[in-house]
Amino acid sequence: MPTKSGKYWVTWANAHAKNSNKVDELEASFKVNVKAFVKVLTDAGAAVDISTTKRSDKRAYLFHWSWKISQSKCKPSDAKKMIGVDIQWDHGDIAKSKAGALEMVQGFGLAIPPRSINPPSLTSNHISGKAIDMTIKWNGTIKVKKKDGTEVQVTYSPNVNTNTTLHAVGDSYGVKKLKTDAPHWSFNGR
């Protein structure tokens with residue numbers, strides 16, 4: 001018997017479909033790039049808080065559909081089924097379905113507009129270990145070395161999606177910014 005969407009699924013995912021926040025669990029070549037990028041940031045005085053590295057495909061599924069339903073980007077009946085996740089997205093009432101999905105979005109701490117205009121991907125680079133979600137903060141302007149050794153001044157912006165100087169530093173290490181999702185960086189910018 002399927003269980004309706006809501007807080008239950010956050011607890012279920014935390015037990016059965018965990019996220020990792022360990023850089024060492026990333027795909028080998030991306031891990032090397034991330035470690036180098038994070039090191040130059042922390043050496044320059046930035047604080048880097050890593051929230052997600054590797055993600056279960058089941059967790060990605062729950063993220064995707066809860067976000068889309070809660071944000072009115074699809075009908076609950078549009079959600080596809082996934083083997084091993086016996087969830088009922090459609091509660092028979094659109095308001096109740098959206099409320100259940102929103103409980104999940106909030107419980108998972110998913111970024112919604114304006115921080116992210118993208119639904120979490122069903123085929124996320126996190127699943128293959130080629131993406132990282134991290135919050136990078138510092139005060140004022142810091143000097144950060146690109147991979148080629150050149151030093152650039154990077155001024156802090158509360159909107160990381162518009163900080164093109166920081167993006168260029170990450171890009172030099174092969175850690176590319178998805179400019180529509182505040183915490184997300186990956187091997188290909190998606």
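FYI, it's all coordinate maths here, none of it is from the lab. Bear in mind the structure is a predicted one, so any value in this text is a computation, not a measurement.
How would you classify the range 111-156 from its alpha-carbon gyration tensor, with a ≥ b ≥ c the square roots of the eigenvalues: rounded for a/c under 1.5, else prolate if a/b is greater than b/c, otherwise oblate? Kindly include the intermediate steps, with their values, before the conclusion.
Values: a/c = 3.65, a/b = 1.66, b/c = 2.20.
Oblate.
HN-Hα J couplings of the range 15-22 from phi, Karplus 6.51/-1.76/1.60, θ = phi - 60°, integer Hz, Gly and Pro as x?
Result, rounded to whole Hz: 9, 10, 8, 6, 8, 10, 10, 9.
Classify the range 90-190 from the C-alpha gyration tensor, please: rounded if a/c falls under 1.5, else prolate or oblate depending on whether a/b exceeds b/c. Spell out each step's value before the answer.
Details: a/c = 3.70, a/b = 2.12, b/c = 1.74.
Since a/c reaches 1.5 and a/b is larger than b/c, the shape of the range 90-190 is classed as prolate.
Once the mean 1/r over all distinct Cα pairs of the range 68-119 is inverted, what Kirkwood radius in angstroms do you read off? It would help to have the intermediate numbers written out before the result.
Working: mean 1/r = 0.0862 Å⁻¹.
Averaging 1/r across every pair of different Cα atoms and inverting gives 11.6 Å.
Using the structure shown, select from 58/143; 58/177; 145/179; 18/176; 7/146 the pairs with a Cα to Cα distance greater than 32 angstrom.
Numbers: 58/143 40 Å; 58/177 24 Å; 145/179 21 Å; 18/176 24 Å; 7/146 43 Å.
The answer is 58/143; 7/146.
For Cα pairs less than 8 Å apart in space and 6+ apart in sequence, what is the mean separation divided by the residue count of the range 82-156, i.e. the relative contact order in percent?
Numbers: 32 pairs, mean separation 10.5, N = 75.
The normalised contact order for the range 82-156 reaches 14 percent.
Using only alpha carbon pairs under 8 Å that are at least six residues apart, calculate the relative contact order of the chain and give it in whole percent. Please report the intermediate quantities before stating the final value.
Values: 338 pairs, mean separation 51.3, N = 190.
It comes to 27 percent, rounded to a whole number.
Any idea how far the Cα center of the range 134-190 sits from the one of the range 1-80, in Å?
20
Over 5 Å intervals from 0, what percent of Cα-Cα pairs in the range 25-95 sits in each interval?
All Cα pairs considered, the percentages come to 3, 13, 18, 14, 11, 9, 11, 10, 7, 3, 0.
Counting pairs of alpha carbon atoms under 8 Å apart in space and at least six apart in sequence, what relative contact order in percent does the range 8-119 give?
27
What does the convex hull of the alpha-carbon atoms of the chain project to on average, in nm²? Before the final figure, lay out each step's value.
Working: hull surface 42.6 nm².
Seen from a random direction, the Cα hull of the chain projects 10.7 nm² on average.
Pairing the Cα long axis of helix 28-43 with the longest principal axis of the chain, what angle in degrees results, from 0 to 90 and rounded to the nearest 10?
60
For helix 57-70, what angle does its Cα long axis make with the longest principal axis of the chain, in degrees from 0 to 90 and rounded to 10?
70
Could you give me the ³J(HN,Hα) list for the range 160-173, computed from phi with Karplus coefficients 6.51, -1.76, 1.60 and θ = phi - 60°, whole Hz, x at Gly and Pro?
Listing the rounded values in order: 4, 5, 9, 7, 5, 5, 5, 4, 5, 5, x, 4, 5, 9 Hz.
Angle between the Cα long axis of helix 94-108 and the longest principal axis of the chain, 0 to 90 degrees, nearest 10?
40
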